[in-house]
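The values are calculated or read from the model by the stated rules, or taken from the named source; none is laboratory data. Source: prediction; values computed, not measured. All Cβ positions, glycine included, derive from the backbone under ideal geometry; neighbour counts span all protein chains shown. Keep in mind that these areas ignore ligands, DNA and RNA; they rest on the heavy atoms of the full protein, side chains included. Shrake-Rupley method; radii C 1.70, N 1.55, O 1.52, S 1.80 Å.
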Amino acid sequence: MQSDQVRNIILVGFMASGKSSVGRALSRRCGWTRWDADDEIVAWAGKPIADIFRDSGEDAFRELERSVVKEICLETGRIIAAGGGSFIDDENRRTMLDCGTVFYLSARPETIHRRVTGGNPNAPARPLLGEGNSLERITELLAQRMPAYSQAHHAVETDNLTPDQVAQAILKICGPGILKI
Ligand code: S3P
């Protein structure tokens, strides 16, 4: 891939695959601005994501998410961390694939489970994982989503890498053209 073809770097992947922390590491390294779709949704709605799900339901959340994805993909030179479910939606997927280079940050279900619970079985439940953020539910949802995630331009395995190492791997794929001089 030619580095001058990278208009935005878009990070997709399951919850806790490291999209936000890798986004921060990338932004530090290449100087592009970081955009976190979940943060934008929270700002638009004026409340946390768990409250949007509770008060208005998943469909309303997805509607908001589509608007945010469209908006943040309009500009270039951005590092965009997308919410874990956003790339599953056909319209969002087309937008992201058209507007930038999409990296799927992969992680095994066990890794995701460990990161989500932090070893604490009483960690707050994620809206889509339910009580206990169970490994079974993570495994099932990840399998359902794989056909969409596999349409990303590139995949990077994150299980044994730090966010900074994942960022390095991504920048290597992108080439030197986007690095700060
Ligand atoms: C979701 C992932 C979350 C957030 C929402 C829905 C999903 O984002 O957008 O809870 O459908 O996987 P993260 O992947 O940043 O946790």
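Applying a 4.7 Å cutoff between beta carbons, the unpaired cysteines of the chain are C30, C174. Less than 5 angstrom separates the built amide H of G83 from those of A37, D38, all sequence-distant by 5 or more or on a different chain. Counting only Cα atoms, the range 108-181 measures 47, 27, 20 Å along its principal axes, largest extent leading.
Could you check how many percent of all C-alpha pairs in the range 3-176 are farther apart than 19 Å? That tail contains 55 percent of the Cα-Cα pairs. What aspartates and glutamates does K47 reach when the alpha-carbon gap must be under 17 Å and sequence neighbours fewer than 8 apart in one chain are set aside? Cα-Cα hits under 17 Å: D36, D38, D39, D55, E58, D59, E63, E65. A straight line joining the Cα centroids of the range 43-85 and the range 104-181 runs 18 Å. With protein chains left intact and a 1.4 Å probe, residues in the range 104-164 average 56 Å² of accessible area per residue.
For the range 3-176, the fraction of 1.4 Å probe accessible surface lying on carbon and sulfur atoms is 48 percent. Counting only protein heavy atoms and a 1.4 Å probe, the range 24-99 has 49 square angstrom of accessible area per residue. Only aspartates and glutamates eight or more places from K172 in sequence, or on another chain, were considered; those with a Cα closer than 16 Å are D4, E157, D164.
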